[in-house]
Amino acid sequence: MTCEIKEKDRVGTINPIFTCQPAGAQFVSIGVKDCIGLVHGGQGCVMFVRLIFSQHYKESFELASSSLHEDGAVFGACGRVEEGVDVLLARYPDVKVIPIITTCSTEVIGDDVDGVIRKLNDGLLKEKYADREVHLIAIHTPSFVGSMISGYDVAVRDFVKYFATPTEPNGKINLITGWVNPGDVKALKHLLKEMDVDATVLFEIESFDSPLMPDGNAISHGGTTIDDLRSTANAFGTIALNRYEGAKAAEWLQEEYKIPAVIGPTPIGIRNTDSFLQNLKKMTGKPIPPSLVRERAVALDALTDVTHMFLAEKKVAIYGNPDLVIGLAEFCIDLEMKPVLLLLGDDNVRYKNDPRLLAMKENVDWDMEVVTNADFWDLEDRIKNKGLELDLILGHSKGRFVAIDNNIPMVRVGFPTYDRAGMYRYPVVGYEGATWLAEQMANALFTDMEYKKNKEWILNVW
């Protein structure tokens, strides 16, 4: 029995699991208050990204495009950036932050975005907007390398690098959540509150579950302020929940300002949530309160109800964001399930040395594949042509047709999820998330049993 970590064994991509780097940077930008990202590239580089954000969160978001056309691709399009900044500032009087996010086309033609920002700071902003606070940030995210995951990581670092300003200690920790849902942020804030820990939750998206107010305002904005970003340099510690979504910023703060950084683990499942609380305890000196001990016990009881009888030995394939996939795999192992296939959808060379994956490689006693730079054909081909037997698939909505075509039950988790209602409201992190996930998996198996007219559940036995 082996666990093999390997790269996709063919050239080309058939139905990608991820989208490109600029999407990650755009997701960071909509988490900042008084900010509208200006994507320097073709109109589609914003239109399709904004569409999947809206499909997932069922809300509207403000993103702008420099609308690069053929002439700009040949002769350069820096003038489009200048015009775009002017239009945004004129149209939106409350905008203070405009990250200028590059794309494959503008990186290939070599547009000097950093130089344009210097020109705008010395010219337009002084001449026309001298009475306004305006911050222009260059974020380089060529989409011919990496993915939305690395784009998110780069953008978080660049925002923090731009704003972090050391003054006086603020008595807080920085919490970098990574690419999560509003329900996850709510659950994390609950854990922080119970621990009595004051934290700056960065690129805060709880507000994406927006109310429909009498004034008709239906635009969602993140809750992270400029002051929050400035104060990152004055925290006494940083916790980045994900190794690949925010660790760059935590490491930069540690290197630049000697702020201790803890990277992960993503608090999915009981043991990883335990580790998160222990990290909080070590960093802050605050004890874990009885309320969370009881919350943990309630979650353990709920998991006991479904684990051995219904989930044990079930073979599962998982795809999506790497920290989410690995956290889900660890949780499934704790539930006596067998993750047999993990698909990580980009070419990050660090995956093969990820200690969590190496631990699985050492300890699992069944055949398991971890495929990097994977796509959905890697899942479909193994099922249709290579005899892979699965009881369950975990992943976002883009892989649903593999599940449908092969009559395999599926639990939607991750981004984007657009064919189930309200999924963004439910956490996958913390003890609450562990309970929800386990019960979702059990219910998916029950529903599949009914669909296939299996009138008697085959119970696992001791």
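Structure above, values below:
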quantity	calculated
Computed E for MET213/HIS69 - FRET, C-beta separation, R0 30 angstrom, nearest 0.05	0.20
R0 of 22 Å, Cβ-Cβ distance LYS258-LYS161: FRET efficiency to nearest 0.05	0.90
Relative counts (whole %) of C-alpha pair distances in segment 317-447, using bins that are 10 Å wide	12, 46, 37, 6
Rounded FRET efficiency, nearest 0.05, which uses the C-beta distance separating ASP381 from LEU358 and R0 of 30 Å	0.70
Backbone N within segment 187-221 under 19 Å of label point (7 Å from GLU168 Cα along the Cβ vector)	198-200
Among 128-134, 33-39, the order from most to least packed when residues are scored by Cβ within 10 Å on average	33-39, 128-134
Straight-distance crosslink candidates among lysines, where the alpha carbon sits under 16 Å from LYS33 and sequence neighbours closer than 8 are dropped	LYS96
Percentage relative contact order, the chain, counting C-alpha pairs under 8 Å, at least six apart	20 percent
Ordering of 18-28, 229-239, 286-296, 272-282 by packing [mean C-beta count within 10 Å, highest first]	18-28, 229-239, 272-282, 286-296
Distance between segment 195-236 and segment 327-343 - C-alpha centres, whole angstrom	32 Å
Placed amide H near GLY246: partners under 5 Å, 5+ positions off or other chain	ASP153
Alpha-carbon centroid distance for the pair segment 344-398 / segment 243-314, whole angstrom	23 Å
Expected 222 nm ellipticity per residue - DSSP helices of 4 or more, -39500 (n - 2.57), all of the chain, to 500	-13000 deg cm²/dmol
Members of LYS8/LYS282; LYS384/LYS453; LYS128/LYS172; LYS6/LYS281; LYS189/LYS398 lying beyond 32 Å, as alpha-carbon distances in this model show	LYS8/LYS282; LYS128/LYS172; LYS6/LYS281
Extension gain (nm, one decimal) between ASN443 and TRP366, 0.36 nm per residue minus Cα-Cα	25.2 nm
Estimated vicinal HN-Hα couplings, Hz - segment 315-327 in sequence order (Karplus 6.51, -1.76, 1.60; Gly, Pro = x)	8, 10, 10, 9, 9, x, 4, x, 5, 5, 4, 5, x
Label-reachable residues, segment 238-265, where backbone N falls under 18 Å from a point 7 Å from ASP274's Cα toward its Cβ	264-265
Projected-area average for segment 156-271 over all orientations - Cα convex hull basis, square nanometres	8.1 nm²
Contact order normalised by residue count of segment 111-200, Cα under 8 Å, 6+ apart, percent	23 percent
Inter-probe distance in nm under a simple model that places probes 7 Å from Cα toward Cβ, at LEU51 and ASP405	2.1 nm
Segment 21-146 shape via C-alpha gyration tensor axes, a/c threshold 1.5	oblate
Residue-by-residue Karplus 3J(HN,Hα) for segment 148-158, coefficients 6.51, -1.76, 1.60, Hz, glycine and proline x	4, 5, 5, x, 4, 4, 5, 5, 4, 4, 5
Distant-in-sequence amide H partners of MET410 (H built 1.01 Å from N, under 5 Å)	ILE393
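Coordinate-derived values only; no laboratory data. Everything numeric here is computed off the predicted structure, so don't read it as measured data. With ideal geometry, Cβ positions are generated from the backbone for all residues, glycine too; neighbour counts draw on all protein chains shown.
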